Each structure stands twice: as C-alpha cells, then as structure tokens.
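Colleague: Take a look at this one; I'll ask things after.
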Amino acid sequence: MALRHAVLAALLDGEHSGYQLTKVFDVGVANFWYASPQQLYAELARLEADGLVAGREVVQRGRPNKRVFTVTGAGLDELAAFAAAPPKPLLLRDDLVVRVHAVDALDPAPVIAQLHERAAAAAAKLELFERTLLHLRDGRDEETFLREGERVGPYLSCLAGCRLEREVRDWSLSTARALAARAAGKELP
C-alpha cells in the first residue's frame, strides 16, 4: 500500500485540510499506517497534481486561509483498483522485538523498562480507539451499527487497531514479567 491510498481512504469522510488530515491520521488511520505531517502535505500535493483529489482555498476571517481537499472520481477509481489488487503480506519491523530476541546477550533491565513503556503506550492508544468506536456507534450497539451504520469501514479498521493494541499491551506486559522473573532467578508467574 502506498501512502496515497491511506490518504484517499481518510478523505472519504469528507473535505479536510492538511491539518485536519493529520488529526484524522492520528486517531483513525495511524492504527494501520503512519505518516508524518510533512509526508501528508507532500502526498496531498502529489494527489492533487495527479487529479486524484481536488483542492480549494477557504478564506478565513482573522486566520490564514486554508486549502481543503476532497477525493475526485479518479481518486475513487484509484481506490477501487487498489482494493481489487491482492494485498501484500503483513510485514512487522519492530526494534523492540529485536531487542527481546537478543535479550539473552544483554542487560534485560532496559528492555524490561521499554516493554513497560510500550504497554503503557498501547493501553493509551487502546483507550483512544475504544472511545472512537463509541463515538462512531453514536449510542448504537455494535451489531446494530454494523448492520445499519452509514460507513462501517472506519469502524472496522479502528476495531482492528483495538485488537492489535490489546495484543501489544498484553504481550509487552507478559514478556516484561518473564524477563524480570528470569533475571531474578524465579519461576515464571
């Protein structure tokens, strides 16, 4: 997947400025695609040059003008072609997992501390995703929302983010416990 597809997907919810798009990425899209604000602004410029998004200037009183973007028909065609193509296999590149892999030759204390930090970050992200799911459901239970909701794609991708962050939190905590017990010469809890 290219960043362009993630940006096009994020713009399906409506017209966004580059700044608003960075916020959308932080809350929703970041659970499956990370991009810095600079990357997003550059990608919006490329998408506009390719005719996949249309931008317009919004004049604001007392604030600088802003450009907002929407997906064009060509952008929808690009997304359709992307959705029809076979997905690439999931690729995991995580430096903390490499540290855990090498922990037998290292002082485990910094790795254990990093695992606790990772668990805390995952728990915070999980809480944010769970609040997002509640917001998207707007008072409906999940089954009703999935059956009747206007757009379920953002909900389902956020649900994937919840499951991933829950697993990251749980793995980080259990791995930290195992390494701490091993370092203390105790049996695993």
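Colleague: Restricting to region 102-134, give me the number of residues that are touching a residue at least 24 places away in the same chain (Cβ under 8 Å), of a type outside the set (Val, Ile, Thr) and open to solvent by less than 50 Å² (accessible area, probe 1.4 Å).
Modeller: Of the residues in that region, 8 qualify.
Colleague: Of everything in region 160-176 that's open to solvent by 30 Å² or more (accessible area, probe 1.4 Å) and touching a Leu at 6+ places or on another chain (Cβ under 7 Å), which residue is farthest from ALA120 (Cα to Cα)?
Modeller: My answer is ARG166.
Colleague: Something else: For region 23-55, give me each residue that is over 21 Å from ASP77 (Cβ atoms) and at pLDDT 85 or above.
Modeller: Across region 23-55, the qualifying residues are PRO37, GLN38, GLN39, LEU40, TYR41, ALA42.
Colleague: Still on this structure: Find the residue count for region 169-189, including only residues that are modelled with pLDDT under 95 and either outside any helix (DSSP H, G or I) or within 25 Å of the chain's Cα centre (by Cα) (or both).
Modeller: Number satisfying all stated conditions: 5.
Colleague: For residues that are of a type in the set (S, T, N, Q) and under 25 Å from GLY153 (Cβ atoms), scanning just region 37-82, find the one that is surrounded by the most Cβ atoms within 10 Å (Cβ to Cβ).
Modeller: THR72
Colleague: Now, a different point. I'm told GLU142 meets every condition in (1) in contact with a Pro (Cβ under 7 Å, 6 or more places away or on another chain); (2) over 19 Å from ALA9 (Cβ atoms); (3) open to solvent by 40 Å² or more (accessible area, probe 1.4 Å) except one. Can you identify the failing condition by its number?
Modeller: (1)
Colleague: Shifting gears a bit: Within region 20-49, count every residue that is over 30 Å from GLU165 (Cβ atoms), touching a residue at least 12 places away in the same chain (Cβ under 8 Å) and either out of contact with any helix residue (DSSP H, G or I) (no Cβ under 8 Å at 6 or more places or on another chain) or among the polar types (S, T, N, Q) (or both).
Modeller: Number of matching residues: 1.
Colleague: Give all pairs with beta carbons closer than 8 Å in which a residue from region 1-19 that is touching a residue at least 40 places away in the same chain (Cβ under 8 Å) and of a type in the set (D, E, K, R) meets a residue that is open to solvent by 10 Å² or more (accessible area, probe 1.4 Å) and not in a helix (DSSP H, G or I); count only pairs at least 6 apart in sequence or on separate chains.
Modeller: Pairs that qualify, where the first residue is touching a residue at least 40 places away in the same chain (Cβ under 8 Å) and of a type in the set (D, E, K, R) and the partner is open to solvent by 10 Å² or more (accessible area, probe 1.4 Å) and not in a helix (DSSP H, G or I), are ARG4/LEU52; ASP13/ARG151; GLU15/PHE69; GLU15/THR70.
Colleague: Here's another thing I want to ask about it. Checking ALA85 against (1) open to solvent by less than 90 Å² (accessible area, probe 1.4 Å); (2) in contact with a helix residue (DSSP H, G or I) (Cβ under 9 Å, 6 or more places away or on another chain); (3) on the phi < 0 side of the Ramachandran plot, only one condition comes out false. Which one?
Modeller: It is condition (2) that ALA85 fails.
The values are calculated or read from the model by the stated rules, or taken from the named source; none is laboratory data. What you are looking at is a predicted structure, and each value in this text was computed from that prediction instead of being measured. Neighbour counts are summed over all protein chains in view; Cβ atoms, including those assigned to glycine, are modelled from backbone coordinates with ideal geometry. The protein model used for the area step is the full one, side chains on, heavy atoms only, and it has no ligands, DNA or RNA in it. Shrake-Rupley method; radii C 1.70, N 1.55, O 1.52, S 1.80 Å.
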